[in-house]
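See structure below.
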Amino acid sequence: MELLKQRIRKDGTVKGNDVLKVDSFLNHQMDVALFEEIGKEFKRLYEGCGVNKILTIEASGIGIACVTAQSFHCPVVFAKKSQSKNIDGAVYATKVQSFTHGKIYDVIVSKKFLGPEDKVLIIDDFLANGAALEGLIDLVRQAGATLVGAGIVVEKAFQPGGDRLRAQGIRVESLARVKSMSEETGVVFVDD
Ligand code: 5GP
């Protein structure tokens, strides 16, 4: 998505060799007009797939997921990062290792909000090693719901998550795919 790539080139900053900071328009301050364009692009990609629920993970996926849900006219469920002691039979639960902090979180969704009748589009801001996406996919499977695919804003294609998930037959659509990046060279996209 050209508009998104332009914005990353203009306002994104690279930390070390593997973290892209996009706090000025995606992860802290949010450019809702850009989100609307992102939402429309996910709608175009997944049009006709019968999506009736969007699933994301707190916190940074929620804004994008909400704007995307407006295009699909469906609800958003966000998986919550939880303390183990709160987990009971009323939730689906899985574990996710955080890319940014390294910690392992229990992640839960209430059984009330995900079930076999759902055709789920997973939305997230970044795809790196794939742990967040795999956790969400696990929750979809536990619920007996149908996974339509995933919509990712920024995929760091030099990290293994995207390839691994696509090799499993999962549809992963990423609007900007980063081939490489460094503090010196900035960001290079796969299709540059
Ligand atoms: P994964 O689970 O695929 O390794 O990482 C995905 C999650 O980690 C995303 O939900 C996102 O919040 C965070 N993340 C991974 N890489 C980056 C990055 O380069 N920049 C930012 N801002 N977040 C990232």
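The values are calculated or read from the model by the stated rules, or taken from the named source; none is laboratory data. In this text the structure is predicted, and so the values were computed from the model without any measurement. With ideal geometry, Cβ positions are generated from the backbone for all residues, glycine too; neighbour counts draw on all protein chains shown. What goes into the accessible areas is simple: the full protein's heavy atoms, side chains included, and nothing from ligands, DNA or RNA. Shrake-Rupley method; radii C 1.70, N 1.55, O 1.52, S 1.80 Å.
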Violating pairs (Cα-Cα greater than 19 angstrom) within the set Lys53/Lys111; Lys21/Lys95; Lys53/Lys156; Lys21/Lys179; Lys81/Lys179: Lys21/Lys95; Lys53/Lys156; Lys81/Lys179
GNM flexibility winner over the chain from Lys40, Lys103, Lys119 (Cα, springs under 10 Å): Lys103
Solvent-accessible heavy-atom area per residue, rounded to whole Å², over the chain at 1.4 Å: 49
Fraction of accessible area attributable to carbon and sulfur, the stretch 1-145 (%, probe 1.4 Å): 51
Acute angle (nearest 10 degrees) that the helix 2-11 long axis makes with the longest principal axis of the chain, alpha-carbon atoms: 70
Relative contact order of the chain, defined on C-alpha pairs under 8 angstrom at six or more residues apart (%): 20
Rounded tilt (10° steps) of 62-72 against the dominant C-alpha axis of the chain: 80
Kirkwood estimate for the stretch 1-140, i.e. one over the average of 1/r between Cα atoms, Å: 16.0
Within a Gaussian network of the chain (alpha carbon springs, distance under 10 Å), most fluctuating of Ile57, Ile104, Ile170: Ile104
If the convex hull is drawn through the Cα atoms of the stretch 59-133, its volume per residue in Å³: 97
DSSP-assigned coil residues among GluC sites (Glu not before Pro) in the stretch 1-56, each with at most 11 further Cβ atoms within 10 Å: Glu47
Total charge dipole magnitude, the stretch 23-132, about the Cα centre, Cβ charges on Lys, Arg, Asp, Glu only, Debye to nearest 20: 440
Mean separation of Cα contacts under 8 Å (6+ apart) over length of the stretch 114-192, as relative contact order %: 28
Choice from Asp124, Asp163, Asp88 showing the highest fluctuation, given a GNM over the chain with Cα pairs closer than 10 Å: Asp88
Principal-axis tilt of helix 32-46 within the chain, Cα atoms, nearest 10 degrees: 70
Computed magnitude of the charge dipole of the chain (debye, nearest 20; Cβ of K, R +1, Cβ of D, E -1): 420
Whole-number D in µm² s⁻¹ for the stretch 148-192, Kirkwood Cα-pair radius fed into Stokes-Einstein, 20 °C, 1.002 mPa s: 193
Computed helical MRE - 222 nm, the chain, DSSP H runs ≥ 4 contributing -39500 (n - 2.57), nearest 500: -8500 deg cm²/dmol
Reach of Lys15 by Cα under 19 Å, taken over aspartates and glutamates that are not fewer than 8 positions away in the same chain: Asp23, Asp125, Glu155, Glu183, Glu184
